[in-house]
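Worksheet for the structure shown next.
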Amino acid sequence: MISTLLSQLHGPDGDSTPRLVYGADYNPEQWPREVWEEDVRLMREAGVNLVSVGIFSWARIQPAQDEWDFGWLDEVMDLLHAGGIGVDLATATASPPPWLTTAHPEILPVTASGETVWPGARQHWRPTSPVFRKYALRVVEKMAERYSGHPALVAWHISNELGCHNIYDYSDDAARAFRDWLRARYTTLEALNHAWGTAFWSQRYSEWEQILPPRLTGSHPNPT
């Protein structure tokens with residue numbers, strides 16, 4: 001499948017012979033529209049035949065909860081295809097837009113000391129948040145419906161650098177997911193108490209809901 005897709009890429013001379021994939025991330029939404037044609041011309045001159053697009057564009061694609069703007073991305077996809085450059089299209093879910101974190105601050109990660117990781121950088125979402133997954137799935141479905149048949153599409157770029165900045169989350173969503181994982185691993189609280197040595201410092205658990213992720217403690221935490 002991949003070799004078939006890559007065979008569709010061609011270089012500056014229009015030759016359709018399969019060749020090595022060469023390219024990088026391309027973020028046209030961060031640049032004036034006036035330079036896009038020049039960008040494509042320079043890519044062709046450099047031998048670029050594949051670029052990743054849309055990685056951090058969720059706020060541009062979906063400016064508000066019920067508002068969508070694909071016109072600019074349609075144009076980018078068409079320009080790249082006309083220039084013989086394939087697209088590794090990102091799902092745009094790497095960083096949620098401000099309207100989403102404002103409406104649903106419960107998607108923001110929480111540190112071990114209980115601090116909220118606020119917007120302003122990137123990847124400010126909980127991997128275990130069902131609310132984030134609902135909205136992320138919505139934008140992904142919209143993009144798939146619109147671009148799955150586009151001739152420039154070569155591959156899908158799933159989010160971006162998963163677990164780079166939000167690998168550690170100690171939120172209540174993470175606690176629920178942690179307990180589900182523990183149930184699958186230990187089956188019973190008796191087995192968990194034994195494995196964890198919870199007789200120490202009166203830490204024995206009598207309900208699954210009592211178990212928390214390894215958050216900040218007042219002394220040395222139980223190493224298990």
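The values are calculated or read from the model by the stated rules, or taken from the named source; none is laboratory data. Bear in mind the structure is a predicted one, so any value in this text is a computation, not a measurement. In this analysis, Cβ positions are derived from the backbone assuming ideal geometry, glycine residues included, and neighbour counts consider all displayed protein chains. For the accessible areas, the whole protein counts, side chains as well, though only heavy atoms, and no ligand, DNA or RNA atoms are used. Shrake-Rupley method; radii C 1.70, N 1.55, O 1.52, S 1.80 Å.
Among the chymotrypsin sites (Phe, Trp or Tyr not before Pro) in the stretch 123-224, which ones are in a DSSP loop with at most 16 other Cβ atoms within 10 Å of the Cβ? Mind listing them?
Hits after loop and neighbour filter: 168, 205.
For the stretch 109-222, what is the accessible area per residue in Å² when the probe is 1.4 Å?
Accessible area per residue: 63 Å².
Given a 10 angstrom Cα cut-off, can you work out which residue in 114, 84, 149 is the most mobile in a GNM of the chain?
Greatest mean-square fluctuation among the candidates belongs to 149.
Rounded to a whole number, what % of the accessible area of the stretch 77-224 do carbon and sulfur atoms account for, probe 1.4 Å?
Of all accessible area on the stretch 77-224, carbon and sulfur atoms account for 58 percent.
Less than 15 Å from a label point 7 Å out along the Cα-to-Cβ axis of residue 134: which backbone N atoms in the stretch 60-93 qualify, by residue?
So the set is 65-66.
Pairing the Cα long axis of helix 36-46 with the longest principal axis of the chain, what angle in degrees results, from 0 to 90 and rounded to the nearest 10?
It is inclined by approximately 90 degrees.
Once the dipole of the chain is set up with Lys and Arg at +1 and Asp and Glu at -1 on Cβ about the Cα centre, which of 213, 93, 135 lies farthest towards its positive end?
Of 213, 93, 135, it is 213.
Ignoring everything except DSSP H segments at least 4 long, calculate the 222 nm mean residue ellipticity for the chain; use -39,500 (n - 2.57) per segment, divide by total residues, nearest 500.
My calculation for the chain gives -10500 deg cm²/dmol from helical runs alone.
Let me make sure I get this right: for the stretch 13-95, a, b and c are the square roots of the gyration tensor eigenvalues over alpha carbons, sorted descending. Under 1.5 in a/c it's rounded, otherwise prolate if a/b > b/c, else oblate. Which is it?
Verdict is prolate for the stretch 13-95.
Mind checking the dipole of the chain: about its Cα centre, +1 per Lys or Arg Cβ, -1 per Asp or Glu Cβ, Debye to the nearest 20?
Here the chain has a charge dipole of around 960 debye.
Here are some values of percent of Cα pairs over 27 Å apart: (i) 32; (ii) 44; (iii) 49. Which one was computed from this structure?
(iii)
Dipole of the stretch 43-115 (Lys/Arg Cβ +1, Asp/Glu Cβ -1, origin at the Cα centre): which of 57, 77, 112 lies farthest to the positive side?
Checked the options; the winner is 112.
Nearest 10 degrees, 0 to 90: what angle lies between the long axis of helix 172-186 and the longest principal axis of the chain (Cα atoms)?
Once rounded, the angle reads 70 degrees.
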